[in-house]
Each structure stands twice: as structure tokens, then as C-alpha cells.
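> Structure in C-alpha cells, see below.
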């Protein structure tokens, strides 16, 4: 198909497609004359991935390019590919940052996270420090409880990892990580409402739990 | 203490404290002369809460004020208070939006969410539609799996709900909902790395799972 058709099928404006071509996010089409190129279904799929990375993913063009290069490089081992995908999604940790508190938690849970991989531990620390700064006391055991629930979630997610191609695996991890975050948070808030309504339903409203006041 | 001392203790600039006073987020101090007022520990605590709501919480001043009014109003039943706190954290749903897909899921899980309460279901729908728009196919059962994990999380969270005062309960829900989201997401990403490294560790690296390639 020509670029106008690619634009129609993908819903991405032609000018934007040209920008992605210039930025090397989208591979060139097959040249059929000096000024015309042909595109195929692979370009449509790639465009959807690019839109997901730059849109919901919130990645910069440079970060998206790094992820796409990893997807396209057939020589990268799966674990490294998935690591690149993950790391593109978080900002880098300051090199002199003391990550001891995060390390202590990871040791307690027996989670094996590469020593070199500081970004994820820094994100955990950021979250804990924001909670401290707000003067919010996490109940005892809450962090462990969250960790347990997230280990279940991650195990389920990795059970579904496509094993037909590295491209499919990375796409699954990047999109699943980023796109499912709002889903998980929306479900958490609904679950909180459900549990709240069960516990604090007004008298006669069918609530099983004790009324709080 | 005087406003300069309140600023020092809380770490909030005096000009910002005066802004919160004008916006009725922070209650007035006790007037000791025509131009001087005294503040106490309650003001320090309230400032921390305001900073949490406007900072990590990302609430507008108007939304923060609504939450704080609910906290201060001793006559509001707990369930309504917690509902107000929750609703302040999500944008309102368009009134004509078809929420049938979300309703279907909630029915399947037996979650009781008030029919009038459209915001949470709209957030669920937004998340699902963003996933669809990106062309990402959620594996069968993934939404059910997330819902199960989040029900566990919410049950644990509500188990820890302080029952000494409505103020404490609302503060717990608002701060816990907002501040713990980055914590939950950071833990999920770390858990994914841990599970990935267990499954895809290089030969001889001690990994138990099969190598993907």
C-alpha cells in the first residue's frame, strides 16, 4: 500500500508517519520509484506499537527507538530484551543514591534483581520516600502484602508471555507493563469501593461488616 | 507558634501557607492580636495532608477542599466520607457514556458498586479502551486475575483502616489510594523482573525455568 493508504488504515496522519520514518522509528517502505514506496501489514503493526509507546507509554522518541531497536535485533537474549523494555519505562537512578532500604526489602522477599539494575529499586525508594514525606504511616506488613500480591500478578503475567518471537515477547512486556497499569489501579479503586461498601453499608443495606460509626 | 515557626516546622514557605489560608484549605489560626495568629500541631498535620493531596495526589485546590471539608464534617457517615475521598481522585464520567462492559465485569466478579457511582467504572473502561486502541490483546483471564489480586490488596488495605476518627479514616483512604499507587506499580515492575530473571536466567546462572531461546 502507499503512504496515503497506510495513513487511512492505521489512522495516523501522513505527516506523522513521515516524522516516524525520519526518526527511524518506522522502517522505510519498499521503494517502487524515486518518490514512491510501498508499505505492508508490518508497517501497520509497527505504527500501532509506536503509538502505544509514545502515547500511553509516555516514552520519548529516543527511548521508544531504543526499545524498537531491541525488538528488531534478533541476536539479543530474551532476558536482556525484556530488561531493556523495562528500563526504558523508568527514569535512571542517580548513581550515588543509597538504595539500601530497597535492597533490604528485596532480600527479605528473596527477590533476585540484578545489582547493576538500579532503576527499579530507585523507583521503589521514590515511592516509599513520597509516602514518608506526606507523613503517611503505612500499616505494619502493608509493603509485604503489596509485594505478595504483585508477585502473584507478575507470575500470572509472565505465564502468558508469548514465546513465538522476541518481538512478541517485548511488545507484550512493554505494552503489558504500561497499558495495564491504569487497569490495575482502576481495579484497585473499584475493589476498595466494593470492600468498603460490604463493610460500611448502612443498617438494612445488606452489609455484613460492623458499621464504623 | 507564629506563622514563621509553622513555616519552619512544616517546611512550607510562608507565602504558600497564606495561600492555603486564603483558599480555606488550612483553618485560620487563633488570633492573638489584629495582625498575629497562633498555630498548633493540628496546622502542621493539616499542612502535610494538603501537600500530599496537591503534590502526590495531583488534586486541584477545589478537589482538595472538598476532601478536607468532608474530613472536617463530623456528621458524614464513614461510607459516604470514603466515597467522597475516592471520587475526588478520579475525574467524573461523561453522563451519556455506556458503561455496560464495565458493569458486565463487575457482575461477573460479584462486586457491589453503587449504580450512581459512574466514575470508577468509567476509569476501568478508559483503561480497557486504551489497551484495545493500542492493539494489545490481553491474555484470556488476565483481567480476572488482576481483579482477584486487587480484591486481596483492597481487603488487606481496609483491614488496616483506622477506626478512631472519620478524619483518620479518610486520610488513610485518600493518602493510601494515591501515595501507594507508585509503590504498587514499582513493586509490580520489580516482581516482573524477579520472575523474568528466574525464568530466563542464562545457562549456568541458576535459573530454574526453561530458556526461551
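The values are calculated or read from the model by the stated rules, or taken from the named source; none is laboratory data. Source: prediction; values computed, not measured. Ideal geometry is used to build each Cβ from the backbone, glycine not excepted, and the neighbour counts take in all protein chains shown.
> Considering only residues that are surrounded by fewer than 20 Cβ atoms within 10 Å (Cβ to Cβ) and under 22 Å from residue A:192 (Cα atoms), which ones fall in segment B:57-71?
Hits for segment B:57-71 are B:58, B:63, B:66, B:69.
Residue by residue, here is whether (1) more than 22 Å from residue A:173 (Cα to Cα); (2) part of a helix (DSSP H, G or I); (3) in contact with a helix residue (DSSP H, G or I) (Cβ under 8 Å, 6 or more places away or on another chain) holds:
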site: A:12; (1), (2), (3): yes, no, yes
site: A:15; (1), (2), (3): yes, yes, no
site: A:19; (1), (2), (3): yes, yes, no
site: A:26; (1), (2), (3): no, no, yes
site: A:33; (1), (2), (3): yes, no, no
site: A:44; (1), (2), (3): no, yes, yes
site: A:49; (1), (2), (3): no, yes, yes
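> Still on this structure, I have one more. Is it true that some residue in segment B:68-81 is more than 14 Å from chain A (Cβ to nearest Cβ), free of Cβ contacts under 8 Å to residues at least 12 places away in the same chain and under 23 Å from residue B:120 (Cα atoms)?
yes
> For segment A:142-172, what are the residues that are in contact with a helix residue (DSSP H, G or I) (Cβ under 8 Å, 6 or more places away or on another chain) and either part of a loop (DSSP other than H, G, I, E, B) or at pLDDT below 90 (or both)?
Listed by number, the residues that qualify are A:158, A:160, A:161, A:162, A:163, A:166, A:167, A:169, A:170, A:171.
> Look through A:183, A:179, A:124 and report the one residue that is within 7 Å of another protein chain (Cβ to nearest Cβ) and modelled with pLDDT under 85.
Matching residue, one of A:183, A:179, A:124: A:179.
> Could I ask something else about it? Is there a residue being surrounded by 13 or more Cβ atoms within 10 Å (Cβ to Cβ), under 15 Å from the mean Cα position of the chain (by Cα) and over 17 Å from residue B:84 (Cα atoms) anywhere in segment B:28-51?
Yes: segment B:28-51 contains one or more residues that are surrounded by 13 or more Cβ atoms within 10 Å (Cβ to Cβ), under 15 Å from the mean Cα position of the chain (by Cα) and over 17 Å from residue B:84 (Cα atoms).
So that you can scan it fast, the table gives a plain yes or no per residue for (1) within 24 Å of residue B:176 (Cα to Cα); (2) surrounded by fewer than 20 Cβ atoms within 10 Å (Cβ to Cβ):
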position	(1), (2)
B:105	no, yes
B:108	no, yes
B:121	yes, no
B:124	yes, no
B:127	yes, no
B:140	no, yes
B:152	yes, yes
B:155	yes, yes
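> Here's a follow-up. Restricting attention to segment B:195-210, does a residue exist that is in contact with a helix residue (DSSP H, G or I) (Cβ under 6 Å, 6 or more places away or on another chain) and at pLDDT 85 or above?
Yes; the residues of segment B:195-210 include at least one that is in contact with a helix residue (DSSP H, G or I) (Cβ under 6 Å, 6 or more places away or on another chain) and at pLDDT 85 or above.
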